[in-house]
1. Hey, what do the phi angles of the stretch 55-61 turn into as Karplus ³J(HN,Hα) couplings, whole Hz, using 6.51/-1.76/1.60 and θ = phi - 60°, x for Gly and Pro?
2. Would you kindly derive the ³J(HN,Hα) couplings of the stretch 119-135 from the backbone phi angles with the Karplus curve 6.51 cos²θ - 1.76 cosθ + 1.60 (θ = phi - 60°), listing them in order in whole Hz, with x for Gly and Pro?
3. Explain nothing, just compute: Karplus ³J(HN,Hα) = 6.51 cos²θ - 1.76 cosθ + 1.60, θ = phi - 60°, for every residue of the stretch 77-93 in order, whole Hz, x for Gly and Pro.
4. Which one of SER125, SER103, SER30 has the biggest mean-square fluctuation once the chain is modelled by GNM with Cα springs under 10 Å?
5. Please list, in order, the residues from the stretch 35-51 whose amide nitrogen is less than 15 Å from a point placed 7 Å along the Cα→Cβ vector of GLU78.
6. What FRET efficiency do you get for GLU134 and THR87 if R0 is 41 Å and r is their Cβ-Cβ distance, rounded to the nearest 0.05?
7. Which order results if ILE129, ILE76, ILE34 are arranged by neighbouring Cβ count within 10 Å, fewest first?
8. Note down the magnitude of the dipole of the stretch 49-168 about its Cα centre, charges +1 on Lys and Arg C-beta and -1 on Asp and Glu C-beta and zero elsewhere, to the nearest 20 debye.
Amino acid sequence: MKLLTSALLVLMLAGCATAYQSKGLTGGYSDLQIAENMFKVGFEGNGYTNPQRARDYALLRSAELALGNNYKYFVILEEANEVKNNTHRMPVEAHTRGHVYDSGSFNATTRITGGQTYNITTPSSTNIILCFKEKPENHPHAYNAESVYENITAKYDIVKWEDIKANF
């Protein structure tokens, strides 16, 4: 019974796409500073997260890191997007109920549950970014960190830190 309760709790928690959050049980972003102005940024989604959202969230975290370190622009030096496919098969259970009559005869009914196979895809996106104070001339595809931040937070209706601070 404890196993069933635990499984249901995990399914309820994982029933939604991974939120924009630091990496936890259901996924999220992670980052690592490689050099003064270079970062490795990743986002891992769960089975309800589509690949585009994972790419957008990695891009959003890239913009946050640039802005948080007083940079206005960043370029993606390397990008890796992956979708892992996992197959899970639920166990088969059989439950039999029966009744024995005074005459010695009996009646039984068996109910079989489980056996379903679920295919779960989990996307991830990783960027290695280089940040700049001014728009770099030798990188024509530099991202404006503030624009990326504004656009992606609006697209996914993510509450901004400035809005949270304003309510305190």
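1. Karplus-based 3J(HN,Hα) across the stretch 55-61 equals 5, 4, 5, 5, 5, 4, 5 Hz.
2. 3J(HN,Hα) across the stretch 119-135, in whole Hz: 9, 10, 10, 10, x, 9, 9, 10, 10, 10, 10, 10, 9, 9, 6, 10, 5.
3. 7, 9, 9, 9, 10, 9, 10, 8, 10, 10, 10, 10, 10, 6, x, 8, 10
4. SER103
5. 35, 38-43
6. Details: r = 49 Å, r/R0 = 1.20.
Once rounded, the FRET efficiency stands at 0.25.
7. Values: ILE129 28, ILE76 17, ILE34 13.
Final ranking by Cβ density, sparse to dense: ILE34, ILE76, ILE129.
8. Details: 13 positive and 14 negative charges, 60 e Å.
Using Cβ point charges on Lys, Arg, Asp and Glu, the stretch 49-168 gives about 280 debye.
No value in this document is a laboratory result; all are computed from the given coordinates. What you are looking at is a predicted structure, and each value in this text was computed from that prediction instead of being measured. Please note: Cβ atoms are built from the backbone with ideal geometry, for glycine as well, and neighbour counts cover all protein chains shown.
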